[in-house]
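A short worksheet on the structure shown next.
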Amino acid sequence: MRKYKVLVVGMGKRGMHHATSFNANPKFQVAGICDIDPARLDAAAAKLGNPEKGSDAAALAKAVKPDVFCFCTLPNLRTPMIQAAIDSGAKLIAFEKPVALTSAELFTIRDLVQKSGVKAVVSHQHRYGDHYRKVKEIVGSGALGRVHTVYGAATGWMTHMLSHLIDYTCWFNEYVPGTWAMGQAAGRVKLADNHPSPDYIAGFVQFANGVRGIYECGAGAPDQPDVPRWWGKCRMGAQGTEGFAEVLTNGGWRAVTKSGGYQSGEGIMNYDHDMPPYIQEMADWLDNDRQPHQCNFEHACLGAEIMLALQRSAAEGGQVALPLNQGVDEQALLKAKIADRPVLVSFEQNKKEFGLP
Ligand SMILES: NC(=O)c1ccc[n+]([C@@H]2O[C@H](COP(=O)([O-])OP(=O)(O)OC[C@H]3O[C@@H](n4cnc5c(N)ncnc54)[C@H](O)[C@@H]3O)[C@@H](O)[C@H]2O)c1
């Protein structure tokens, strides 16, 4: 059996997760790895069977000619990697959330992907957790009656977490597109982070099937006291006319339905558990055009537009229509417009995480 050749760019935390999981799947072989940090590159090579190495992703991709171009660099680096992947003739691009920091860049990379016809996936892999799947199963079964609301809250800041909250709730709502969004944002500390974000952003989304989306992310988002791990304090769910079902990233799931009463179960986010099916679906899609990956780029773009519309609304006020009709720099808008007042936290621990006195 011919294995699909993989190039992984960015050998940090997520690059190593990806590379290890590709090598653990018999359909894939990591043939090249890239990082601008030579020590990191050498350490990674030793763990990955000494594939080709390089610090220039585009040049290495031309030499390796991968079937899969995977990049796990920080969110500021997107367009040059997508371009390098396409130029190398890769059949599938796998990259990390968030899709893009600005709608201007979202539109650029979407054009590149669509014009080239390359397959692309974005790593919203928490969904493979048993607790996430259980909530999706309950929502999809009709046990909640008519679903009218989906919601997501996380204390981690926007560029880390909002993409996850929106993607999984869009999954619960069958990826029906949004028609508008309206948001508010506060606090400037994390605007300078490598995941640049307002310290708190919250807002509403109208979906085309009438479902309401409610999101909040950052220092003002509620504590999830049942979850000790700070980054796991995320709650996503759906409410209907006959019940609700929700998942806590590091705290299992729970539901109340008319026919089933109260139910709950375990589950925590675990990369070792969630990466293998995420990787396997790439093989399935490469093998069969009619078996697209759940985390396909088209799905991710629907969420990315919502996330950017919330930011645009937070900066400019009012409702923002979806789909977005013009690419702008939401990061610059937020930096120009967010008031220079400290964010007000929802519980004490957030002060430490947001560097507040
Ligand atoms: N899906 C998830 O569950 C999840 C979890 C954590 C992080 N992430 C995302 O993964 C991405 C990476 O995060 P991380 O924690 O692995 O970051 P990291 O800082 O650990 O790794 C990034 C690596 O990219 C390298 N790099 C930077 N510029 C480069 C270039 N031009 N060419 C080659 N390599 C370059 C850096 O040297 C570093 O080794 C981020 O977008 C983050 O939001 C996703």
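Can you name the residue in the stretch 118-160 that is open to solvent by 10 Å² or more (accessible area, probe 1.4 Å) and hydroxyl-bearing (Ser, Thr, Tyr) and is also farthest from the ligand (Cβ to nearest atom) among such residues?
Out of the qualifying residues, it is Ser141.
I'm trying to understand the selection: among the residues of the stretch 96-117, which are within 12 Å of the ligand (Cβ to nearest atom) and not hydrophobic (A, V, I, L, M, F, W, C)?
Within the stretch 96-117, Glu96, Lys97, Pro98 qualify.
Return the only residue of Leu286, Leu310, Leu324, Leu334 being at negative phi, buried (at least 17 other Cβ atoms within 10 Å of the Cβ) and not in a helix (DSSP H, G or I).
Leu324
I'm trying to understand the selection: among the residues of the stretch 11-47, which are open to solvent by less than 10 Å² (accessible area, probe 1.4 Å) and within 14 Å of the ligand (Cβ to nearest atom)?
Met11, Gly15, His18, Ala19, Gly32, Ile33, Cys34, Ala44, Ala45, listed by residue number.
Here's the yes/no breakdown for (1) among the aliphatic types (A, V, I, L, M); (2) open to solvent by 10 Å² or more (accessible area, probe 1.4 Å); (3) in contact (Cβ under 8 Å) with a residue 40 or more places away in the chain; (4) out of contact with any Lys or Arg (no Cβ under 8 Å at 6 or more places or on another chain):
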position: Asp223; (1), (2), (3), (4): no, yes, yes, no
position: Val227; (1), (2), (3), (4): yes, no, no, no
position: Cys234; (1), (2), (3), (4): no, no, yes, yes
position: Glu242; (1), (2), (3), (4): no, yes, yes, no
position: Leu248; (1), (2), (3), (4): yes, no, yes, no
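For the stretch 174-220, give me the residue count where each residue is open to solvent by less than 10 Å² (accessible area, probe 1.4 Å) and in a loop (DSSP other than H, G, I, E, B).
6
Kindly indicate whether Ile82 is buried (at least 23 other Cβ atoms within 10 Å of the Cβ) and touching a helix residue (DSSP H, G or I) at 6+ places or on another chain (Cβ under 7 Å).
So Ile82 fits the description; yes.
Mind checking which residues of the stretch 323-337 are at pLDDT 95 or above and under 24 Å from the mean Cα position of the chain (by Cα)?
Residues satisfying the conditions are Pro323, Leu324, Gly327, Val328, Asp329, Glu330, Gln331, Ala332, Leu333, Leu334, Lys335.
Tally time: how many residues in the stretch 48-70 are open to solvent by less than 50 Å² (accessible area, probe 1.4 Å), in contact with a strand residue (DSSP E or B) (Cβ under 8 Å, 6 or more places away or on another chain) and near the ligand (Cβ under 10 Å from one of its atoms)?
Count: 3.
Would you pick out the residues in the stretch 149-191 that are closer than 20 Å to Ala315 by Cβ, more than 12 Å from the chain's Cα centre (by Cα) and among the aliphatic types (A, V, I, L, M)?
Within the stretch 149-191, Ala181, Met182, Ala185, Ala186, Val189, Leu191 meet the criteria.
Looking at (1) under 17 Å from Ala185 (Cα atoms); (2) outside any helix (DSSP H, G or I); (3) in contact with a helix residue (DSSP H, G or I) (Cβ under 9 Å, 6 or more places away or on another chain), find the lone condition where Gly318 falls short.
Here Gly318 meets the rest and fails (3).
The values are calculated or read from the model by the stated rules, or taken from the named source; none is laboratory data. Because the structure is predicted, anything quoted here is derived from the model rather than measured. Positions of Cβ are backbone-derived with ideal geometry, glycine not excepted, and every protein chain shown enters the neighbour counts. Heads up: the accessible areas ignore ligands, DNA and RNA and are worked out on the full protein's heavy atoms, side chains in. Shrake-Rupley method; radii C 1.70, N 1.55, O 1.52, S 1.80 Å.
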